[in-house]
Amino acid sequence: MTASPRALRALVLLACFYLVILVVLGALVGTDVAAWIWAPPPVAIKVTLVSALLGFPVVRGVFALGASTWDEREALPVTETEQPELWGTVRSLAERSGTRPPDEILLTGEVNAAVSEDARLLGLLPGRRRLYLGVPLLSGLSEPQLHSVIAHELGHYGNADTRFSGITRRGRDCVLRTVAAFQEQERKRIGKERSRQEKANAKRRRMGKKAKGVDTGRTGLRYRLMAKPFQAYARFYLRVTSGVGRQQELAADRMAIRVAGRDATASALREIAALDAAHDFYQSRYALLGIEAGLLPPRGEVFGGLRHLLADPRCRSTLAELRGELPAEEESPYDSHPPVAERVRLIEAQPDDGRGTGPQRPALALLRDAERVLMQLEDVLLTPEALAMERAEWPELAHRAMHARATAAAGSLRTALAAAGIAAGSASGALAALLDSADAGRLWLVAGHLSKSSEAAQATGRAAREFLRPALEAGTYGLAELALVERAGAYWELSWSEQVRLRLPGTAYTGDTQEAPEVEEALTAAVRAATADTPDTTPLRTLLAH
């Protein structure tokens, strides 16, 4: 679709939104006029007030159009002086794509690349262009694969997709904001009505009467009815714009094939799908591991540490499986992108262009002084609170983070021991006191001092024990971990192949050909035995003695 039809389509969609607004507001005004002509003044005043309340979300949708809705994402701008090779690559790809290069290149922390353009006159005139590149892409892709990703994004420039995305996005946001405004008013009304009925029920119970059921089924009905035309138009708008968006993505894929080659384009999509899963895993299991303890990885490693995970042989094997089995996504008419598996199928169905995907250096090599760039990215993307956190090398980070988690897990049980009148100092002493209580038949007396939900507080007998058992087991496990650290020198070991594990001195082994003796399996079984209905503390005492 050329620029003129797309501009016309964007304007028509926006005009239709205004038409819906005019019809709805006209109906409200007409109702008010009729009320003042034919109804008594008190009724007319009430009708006018209701119309004003119902018309407020509509007016909000109108004024939302003037607001800039582009996601001003936080990113690190890199100049041509700082990164000449990256800029040279982007300019070369833009020339081969037949489009003007971006005016800015910005680095982000996402597994994604994107482009934007500050077009003028509703997209009729081009504007300042920006290219966003996620550092995880640079860490996980080869140069040819990154060339394909950049060529795809530049294809959106060449097809004028970015010039008309602003007005399309603003129109979509206006519709969705209007619907959300109605839903917000409905929720407020329901909340007030629920609170009113609950207070009335509380009063009835105080008077010895039976409480009534809370019913808010008809509350907010006016807002639900008013939202229906906007919801219908929102579905229509999303279908139209998302359908065009899918066509634009396929057109950009064709540009990537022409510039970077079929195999590089297909392999880039496969790699990004696997890289996205690896990045999520890295962030949750490694980069943010020490947050609860106030710790972050070394400078530059919050975003740069993904390289360690990707270099691990076991991780490489898992990524190879993910590349070969793309997720089976169900296509929705509201998706702005076709499913990745469908895009890869269409690309790999193209004739072989002979360019292949031979061994190439990693895309991160395009950055001059990559370590400094990774540090600068943290300064831009992390909050001031995060930047103020202590930094620790990976092995120390893993141990201190898990030690803090074990301390937190054991905290409630320590409090319960104190409430039961059992003095305990160190973790070893607290665990010994708990095991002595279990042997003396007082385990569940101690557990009774653990914090309980209202439902657990009302339970008795076996049911009460089952409510308390998870907290008791978690607290005992935490105490046992801390006791092993104190008495046996145990430590938590970081591995890029598996989760952080508790090790005893002399048992740690991080190779791929031998399994190290595991403490955690034995510890789990010993804790369950010690917290059973009939406690057996021998396995846990034996493990601690060993």
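The values are calculated or read from the model by the stated rules, or taken from the named source; none is laboratory data. Because the structure is a prediction, the values reported are computed rather than measured. Quick reminder, even Gly has a Cβ in these numbers, built from the backbone with ideal geometry, and neighbours come from all protein chains shown. Ligands, DNA and RNA are stripped out before the accessible areas are found, and what is left, the full protein with its side chains, is counted by its heavy atoms. Shrake-Rupley method; radii C 1.70, N 1.55, O 1.52, S 1.80 Å.
Looking across Thr537, Thr524, one residue alone is modelled with pLDDT of 90 or more, touching an Asp or Glu at 6+ places or on another chain (Cβ under 7 Å) and not hydrophobic (A, V, I, L, M, F, W, C). It is Thr537. Residues that are more than 16 Å from Ala113 (Cβ to Cβ) and touching a Ser or Thr at 6+ places or on another chain (Cβ under 6 Å) within region 246-289 comprise Ile257, Asp263, listed in sequence order.
Is it the case that some residue within region 469-478 is under 18 Å from Leu523 (Cα atoms), among the acidic types (Asp, Glu) and touching a strand residue (DSSP E or B) at 6+ places or on another chain (Cβ under 7 Å)? No, region 469-478 has no match at all. Exactly one residue out of Arg299, Arg307 is modelled with pLDDT under 95 and out of contact with any Pro (no Cβ under 7 Å at 6 or more places or on another chain): that is Arg307.
The test for being at pLDDT 70 or above and loosely packed, with under 15 Cβ neighbours inside 10 Å holds for Pro41.
For region 319-352, the set of residues classified as modelled with pLDDT of 85 or more and open to solvent by 70 Å² or more (accessible area, probe 1.4 Å) consists of Glu321, Arg345, Glu348, Ala349, Gln350, Pro351, Asp352, listed by residue number. On the given criteria, is Gln360 at pLDDT 85 or above and part of a loop (DSSP other than H, G, I, E, B)? Answer is no for this residue. Leu504 fulfils the conditions (1) among the aliphatic types (A, V, I, L, M); (2) open to solvent by 30 Å² or more (accessible area, probe 1.4 Å); (3) at pLDDT below 90 except for a single criterion, (2).
If I ask for residues that are of a type in the set (A, V, I, L, M, F, W, C) and farther than 17 Å from Ala419 by Cβ, which ones from region 441-466 would you list? Ala459, Ala463, listed by residue number. The set of residues from region 292-317 being open to solvent by 30 Å² or more (accessible area, probe 1.4 Å) and in contact (Cβ under 8 Å) with a residue 60 or more places away in the chain comprises Glu292, Ala293, Arg299, Arg307, His308, Ala311, Pro313, Arg314. In region 66-83 there is no residue that is at pLDDT below 95, crowded, with 18+ Cβ neighbours inside 10 Å and among the polar types (S, T, N, Q).
Residue-wise test of (1) at pLDDT below 75; (2) open to solvent by less than 60 Å² (accessible area, probe 1.4 Å); (3) within 18 Å of Gly134 (Cβ to Cβ); (4) not in a loop (DSSP other than H, G, I, E, B).
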residue: Gly217; (1), (2), (3), (4): yes, yes, no, no
residue: Phe230; (1), (2), (3), (4): no, yes, no, yes
residue: Tyr237; (1), (2), (3), (4): no, yes, no, yes
residue: Ala252; (1), (2), (3), (4): no, yes, yes, yes
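Scanning region 421-452 for residues that are part of a loop (DSSP other than H, G, I, E, B), more than 24 Å from Val485 (Cβ to Cβ) and open to solvent by 60 Å² or more (accessible area, probe 1.4 Å) yields Gly421, Ala440, Gly441, Arg442, His449, Ser451, Lys452. If the condition is being in a helix (DSSP H, G or I), at pLDDT 80 or above and of a type in the set (A, V, I, L, M, F, W, C), then region 131-177 contributes Val135, Leu137, Leu138, Leu146, Val149, Ile150, Ala151, Leu154. Exactly one residue out of Lys188, Lys192, Lys209, Lys199 is farther than 19 Å from Tyr223 by Cβ, modelled with pLDDT of 80 or more and out of contact with any Pro (no Cβ under 9 Å at 6 or more places or on another chain), and it is Lys199.
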